[in-house]
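Working notes, beginning with the structure itself.
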Amino acid sequence: MVTIMKTVKTQAGNEIKLLGNNPHKDILVIGVFHGDEPQGNFLINEYLKSNPETNLLFINCLNPDGMARGTRTNLSGVDINRNFPTANWSNQSNGEFYGGKTPASESETQFIIEIINEYNPQIILTFHAPYKVVNYDGPAEKIAEKISKIINYPTEKNIGYPTPGSFGTYCGIERNIPTITLELDENCCMKDLIPPVFKILNLLETI
């Protein structure tokens with residue numbers, strides 16, 4: 001049975017949970033950096049219902065405040081995926097790409113950093129939408145190619161636009177952790193994403 005291994009409260013009082021079992025692999029799967037991309041929450045929850053003995057670590061929803069409001073940002077108006085303390089962090093972007101007043105200013109970002117430091121994941125998979133690509137940072141090309149064959153999306157090392165303060169830069173580029181950003185099809189029924197995503201998670205179970 002999957003247990004809550006670590007938790008934190010958001011500004012709105014919602015709970016962010018690290019889910020998993022002991023023992024577990026050093027592989028972390030994260031859903032909902034952006035509240036208007038709920039696919040990861042649905043897929044992770046469905047997977048855990050079918051695979052309660054999983055060896056992986058999961059955060060099903062990193063941004064519950066944003067998901068409740070249907071917004072990219074958290075309750076403070078910060079894009080969590082621009083708030084990491086990277087060399088290229090910037091607070092110059094406004095609107096939905098705002099990186100925060102300072103690096104790692106947000107509880108969601110701090111929670112992830114604590115998990116990275118405490119659990120030392122060797123592979124990280126994050127779910128996003130809508131670009132239908134397997135983006136990767138760090139030494140993740142081989143695993144990205146395997147995921148690409150399962151879901152039939154192309155691999156992309158560069159997403160094609162600046163991402164200062166991003167999670168991929170923080171973990172993949174600056175910490176050399178293989179980091180996959182799986183950009184799902186937002187127009188695809190979430191139930192139809194279950195077969196390929198379950199195959200990807202099963203692949204990670206075997207690594």
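Among the residues of the range 99-117, those identified as part of a helix (DSSP H, G or I) and of a type outside the set (A, V, I, L, M) are SER107, GLU108, THR109, GLN110, PHE111, GLU114, ASN117. In this structure, does TYR119 turn out to be out of contact with any Ser or Thr (no Cβ under 6 Å at 6 or more places or on another chain) and aromatic (Phe, Trp, Tyr)? Yes: the conditions hold for TYR119.
Looking at LEU19, is it assigned to a loop (DSSP other than H, G, I, E, B), modelled with pLDDT of 95 or more and surrounded by 17 or more Cβ atoms within 10 Å (Cβ to Cβ)? Spelling it out, it is not the case that LEU19 is assigned to a loop (DSSP other than H, G, I, E, B), modelled with pLDDT of 95 or more and surrounded by 17 or more Cβ atoms within 10 Å (Cβ to Cβ).
Anything in the range 2-55 that is at positive phi and hydrophobic (A, V, I, L, M, F, W, C)? List them, or say none. If the condition is that a residue be at positive phi and hydrophobic (A, V, I, L, M, F, W, C), then VAL32 is the only one that fits. Exactly one residue among TYR136, TYR153, TYR161 is surrounded by fewer than 24 Cβ atoms within 10 Å (Cβ to Cβ) and either modelled with pLDDT of 95 or more or in a helix (DSSP H, G or I) (or both), and that residue is TYR153. Being surrounded by 18 or more Cβ atoms within 10 Å (Cβ to Cβ) and either in contact with a Gly (Cβ under 9 Å, 6 or more places away or on another chain) or under 17 Å from MET190 (Cβ atoms) (or both) holds for only one residue in PRO64, PRO85, PRO121, and it is PRO64. The number of residues in the range 22-47 being touching a Phe, Trp or Tyr at 6+ places or on another chain (Cβ under 8 Å) and either among the β-branched types (Val, Ile, Thr) or modelled with pLDDT under 95 (or both) comes to 4.
The values are calculated or read from the model by the stated rules, or taken from the named source; none is laboratory data. All of these numbers come straight from a predicted model, not from anything done at the bench. Note: ideal-geometry Cβ built from the backbone for every residue, glycine included; neighbour counts use all protein chains shown.
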